[in-house]
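The values are calculated or read from the model by the stated rules, or taken from the named source; none is laboratory data. Because the structure is predicted, anything quoted here is derived from the model rather than measured. As a convention, Cβ positions derive from the backbone with ideal geometry for all residues, glycine included, and neighbour counts pool all protein chains shown. These accessible areas exclude ligands, DNA and RNA; they are computed on the full protein's heavy atoms, side chains included. Shrake-Rupley method; radii C 1.70, N 1.55, O 1.52, S 1.80 Å.
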Amino acid sequence: MDQARNQAPDDLGLIIKDKFNEFLDNFSSEQEDNVSTSNIEGPYRDYVHQLKALKERDRTTLYIDFQHLRNFDVYLADEAVVKEYYRFEPYLCQAVENFVKSHAPDYVVDEHGKPKAFYVSFYNMPTVSKLRELRTDKIGQLMSVSATVTRTSEVRPELLFGSFECNECSHKIENVEQQFRFTQPTLCLNPICGNRDKWTLKNTLCTFVDWQRVRCQESSDEVPAGSLPRSLDVILRHETVETARAGDKVVLTGQLMVVPDAGALAMAGDRTESRSNEGGRNGGEGATGLKALGVRELHYRLVFLTNSVVNTAAAGASGMVNIRGEESNEDVLASFSEAELAEIKEMSEKPNVYSDLVKSIAPSVYGHQDIKRAVLLMLFGGVHKETSEGIKLRGDINVCIVGDPSCAKSQFLKYVAKFLPRAVYTSGKSSSAAGLTATVAKEPETGEFCIEAGALMLADNGICCIDEFDKMDSKDQVAIHEAMEQQTISLAKAGIQATLNARTSILAAANPAGGRYDKSKPLKYNVALPAPILSRFDLVHVMVDEIDDVVDYNIATHIVNVHERQLAGMEGSDLIDVPYSQIQLQRYIRYARAMAPIIGEAAQQEVVSSYVKLRLGDAAPGTKTSYKITVRQLEALVRLSEALARLHLKTVVTPSHVREAAKMLSTSIINVQSQDVMIDPLEEDDEEDEYGGGGNGNADEDAADDADLRTPGEDPAEAMDADEPKGEGKEAKDAEKKAQFTLTYQKFQGVTDLLVERLKQAEEEGEQGMKQGELLTWYMDHITERNAEGTAGQGMASNDDMQQEYKIVKAVMQHLIMRDGTLIIQEEETVEEGKTPRAAHRVLAVSPNYVVAESQ
């Protein structure tokens, strides 16, 4: 193998081999001075110990920490290995082979007696370059590059060293190095044979290795302003294949190489082929172009030949902590040090650990505690399950944030995208269905179709943050239905049928349809999202930008303090006072996600009762929730309960966890408090009290005392003073009667729904309408029955309360007729000329233009 690359012995290469062999034999990271010893029972030697593990796992690649090599010999590391890696790599591999021979002679050959090929791999380089910094002056040098994997090919065999047989004299030529393409010997070594192009490849004597091409792209934070992200082909060989997958942020260690660009050579117009002698009109050669000058290939490109792949999401790599790795729970728990475990245990034993963790989420955003709780539980996640039929139940929690502009929605998304190594941030308006899921692309060299990962695949085992979710096209929104619930992406394109994993949580942010959130309407009328997608979100939170002196002052103070500390040069946890730093939070969540809490019997009963209450509350008249409560909300209740159990490092879900999850779910589902409805004063004909056989003349004053019915800006003490009829003149009393009062939206909508329901029922029974007096009597009887059964919750026990309710329903009916047009007058009372028809005798019906709201 080595003779193929170096036809003549390299004296310096032999020295490097001996020096590297000495390093492998003697280096000990536990000693300041390297002690040379030949017995294996001597001081702890790192690579002798690694060789034992190498033999147990049946591997042939020895991984070298570059800092160890620098500590041993700076000249060997910097001048030889780094600057001339391509030249000395065969000698380094030879040194590894000699190292194995001296410590494990039986491991040099396989079970068939064929010698094994050993390789060397470096990691932990002092500097990590960017893709944009790769230039031709670094060709052949050992270096590290940071990038994000976007596409991976299948693993194929690559011919590394070929063995050829001459077809003329049957002479064999072995170990012919393949220069990134099929390379035959230039001349037969037999002196009496002059064969140059007739060869037969002997597959049994060739050296094949596993080969994989990976497409890498610049990380988003490395792209300069106004530039497109650069891409580079990376070649993985030997045991590094399948160590990188789409979406990984990796540090690649290897050497930069130059290979012919076969794709560019195949493009039309790049070369002018020579014509045969017979083809020319005058018997000449015709147009030969550059080929006649001896220049056969002008197109080259850079590739990165990798010997080590380090995932920056791995524990301890680049200061990041991966909270969603695919390691087993035992491996995750074993990766923590004693000090870290003690810190995690101390955090969990604090009584206010929940509130402290919430405060540590997105500390630059003031307030919005409910949304921070939702984001925190999304990071913890539920437990993934699989039924006996093989159906997988997702444990990831999806959260949607709907709100007015400038409410820090995008700040939450950016925070989560920076918090997790495998998190992808994208915008709904500029994302297509293929860009979110996956697309089928053609390989430029082979012409074969391959799958290129989209945002959801890149965020596998992470979180996909989608901003401007409401501005996505409907056909693109349909593409993520499967990914949000089944957590898979199915493709059937270009002869490829595949089901890909998209095990990701989705954090979406959307703006209301009208620019501002209209509190008088349910969520589905405020957001242009279809019901199938809306129901797939476990939590939907609404952020309303309301004017509040205290809140506005606190927000402004908080933002100014953040800017002031940034100008002072503070960073990290010093910028904002938080209970825990980001690293502590990541470490705690990673430890908690290794736990799989189960639901106890008491918690199961609590889940069932909480779900039933949510369903009953959804069906109650007058209630307006964001969307219909379905079984998906039951599963969301289970996931939230498991996330809360993980937060407290509990192995069993308790009823308190379920109650907290139900509280979060109910506050998420129920819409924001709607605006109060301004009700006009009653007309003079309607001011006569018709309930209870006569009025006391103080109905207006009593109405001002009710919580649901009050005069705008009126003080309660002034309302009580209004009970003194003799203390005011007739003008003041008339002005009070003409004043508007407000009614809460819930009360107004509840009365409206009952009236409309009764009139619709009358229409179904064949009646043309219903007299207003009869409708009033039915309403009061209905309220009385509900109050007597104890289910109404109206709290009316006295005659004054009933008078108050009667006044409210009359005012609402007048508002529905005069203002909203919900009720129409079908027929007035027939009276003599000069008299006014009485309102109680007119026939009412529901307007045909009124749409009855669905139960939400």
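Worth pointing out:
- Of all residues in segment 456-480, those satisfying the criterion of being open to solvent by less than 40 Å² (accessible area, probe 1.4 Å) and of a type in the set (Gly, Ala, Ser) are Ala459, Gly462, Ala479.
- Filter result (open to solvent by less than 60 Å² (accessible area, probe 1.4 Å) and over 20 Å from Met143 (Cβ atoms)) within segment 54-71: Leu54, Thr60
- Residues (in a loop (DSSP other than H, G, I, E, B), at pLDDT 80 or above and farther than 17 Å from Gly367 by Cα) located in segment 518-569: Ser535, Arg536, Phe537, Asp538
- Residues (hydrophobic (A, V, I, L, M, F, W, C), open to solvent by 40 Å² or more (accessible area, probe 1.4 Å) and in contact with a strand residue (DSSP E or B) (Cβ under 6 Å, 6 or more places away or on another chain)) located in segment 151-184: Val155, Phe180
- Residues that are without any contact (Cβ under 8 Å) to a residue 40 or more places away in the chain and over 14 Å from Phe23 (Cβ atoms) are absent from segment 61-77.
- Being of a type in the set (Ser, Thr, Tyr) and either out of contact with any helix residue (DSSP H, G or I) (no Cβ under 9 Å at 6 or more places or on another chain) or open to solvent by 60 Å² or more (accessible area, probe 1.4 Å) (or both) is a property that does not hold for Thr148.
- Matching option when the condition is open to solvent by 10 Å² or more (accessible area, probe 1.4 Å) and under 30 Å from Ala441 (Cα atoms), among Ser505, Ser490: Ser490
- Lone qualifier among Ala531, Ala483, Ala453 - being buried (at least 22 other Cβ atoms within 10 Å of the Cβ) and in contact (Cβ under 8 Å) with a residue 60 or more places away in the chain: Ala453
- Counted residues, segment 368-404 - those being assigned to a strand (DSSP E or B) and over 15 Å from Ala661 (Cβ atoms): 8
- Among residues of segment 149-202, those that are more than 30 Å from Ser219 (Cβ to Cβ), in a strand (DSSP E or B) and of a type in the set (A, V, I, L, M), counted: 5
- Those residues of segment 827-840 which are of a type outside the set (Ser, Thr, Tyr) and loosely packed, with under 14 Cβ neighbours inside 10 Å, in sequence order: Glu828, Val831, Glu832, Glu833, Gly834, Lys835
Let's see how each residue does on (1) over 16 Å from the mean Cα position of the chain (by Cα); (2) among the aliphatic types (A, V, I, L, M):
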site: Glu443; (1), (2): yes, no
site: Cys465; (1), (2): no, no
site: Asp470; (1), (2): yes, no
site: Asp476; (1), (2): yes, no
site: Ile480; (1), (2): no, yes
site: Gln486; (1), (2): no, no
site: Ala494; (1), (2): yes, yes
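- The number of residues in segment 103-137 that are out of contact with any Lys or Arg (no Cβ under 6 Å at 6 or more places or on another chain), surrounded by fewer than 16 Cβ atoms within 10 Å (Cβ to Cβ) and assigned to a helix (DSSP H, G or I) comes to 5.
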